[in-house]
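To keep things clear, I will list the structure first and then write my remarks on it.
The values are calculated or read from the model by the stated rules, or taken from the named source; none is laboratory data. Since the structure is predicted, the reported quantities are computational estimates derived from the model, not experimental observations. Cβ coordinates were reconstructed from backbone atoms using ideal geometry, including for glycine residues, and neighbour counts include every protein chain displayed.
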Amino acid sequence: MAFVLLTLAPAFAASAPEPARPAPAAVSQQEINKAVARRVFEEIFDQGKFQVADEIYAPDFVNHGLHRDASLQEDQDAARWEKQICPDVKMTIGPMVAEGDLVSVLWTFRGTNTGSAGWLPATGAKIEVRGITVWRIVDGKIREEWTEFDMLRVARQIAGQLKWRLLGLLCVAAILLWIVGRIARRICYSFSTAKR
């Protein structure tokens, strides 16, 4: 009997109906929130499409800074400034984790300071900094943000790439001061000898 069952089992298995495949799962809210987060990096930072901010951010958005909160307008002004000083900015998205209405993203900012903005002249310095952002996304819009990155690292990168230029300027300034000092001494000496 066992022999008959073993012999006929493949035949029964081949004629058995194929098991029903589960329907594709609907996209989770976390995946939708991650897509919103990706748009910030890809469209606003990389492509400079600041007009999409109204689609991505809630009107009552708050960026929770270390010492003060920033409104949507202040946040977007800062993003525009970053794009102005580093027009070639490329934001690389690292690990992205979503839980509930929160999305956390580890990102890397890479760009070259070829644009001037306000007090910061174009230096040609290459900038690379890694940071982390946590967003609270409700109904497809970013309502809150917490971002951290090492600003001292950015300053070091700019200063490190400019140190020889700055050192050269310092040397030129020292030579000019020496020349002015020599001229001033001669003028003072000539006045003192003329009075005698």
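Filtered by the rule that a residue be touching a residue at least 60 places away in the same chain (Cβ under 8 Å), within 19 Å of Gln29 (Cβ to Cβ) and out of contact with any Asp or Glu (no Cβ under 9 Å at 6 or more places or on another chain), the range 103-138 gives Val103, Val105.
Within the range 35-55, the only residue that satisfies the criterion of being touching a strand residue (DSSP E or B) at 6+ places or on another chain (Cβ under 6 Å) and of a type in the set (Val, Ile, Thr) is Val36. Here the condition is being modelled with pLDDT of 95 or more and over 25 Å from Asp139 (Cα atoms); of Thr114, Thr108, it holds for Thr108 alone. Per this entry, Asn33 is counted among residues that are touching a residue at least 40 places away in the same chain (Cβ under 8 Å) and farther than 18 Å from Glu148 by Cα. Confirm whether Trp146 is in contact with a His (Cβ under 8 Å, 6 or more places away or on another chain) and not charged (D, E, K, R). Against the criterion (in contact with a His (Cβ under 8 Å, 6 or more places away or on another chain) and not charged (D, E, K, R)), Trp146 qualifies.
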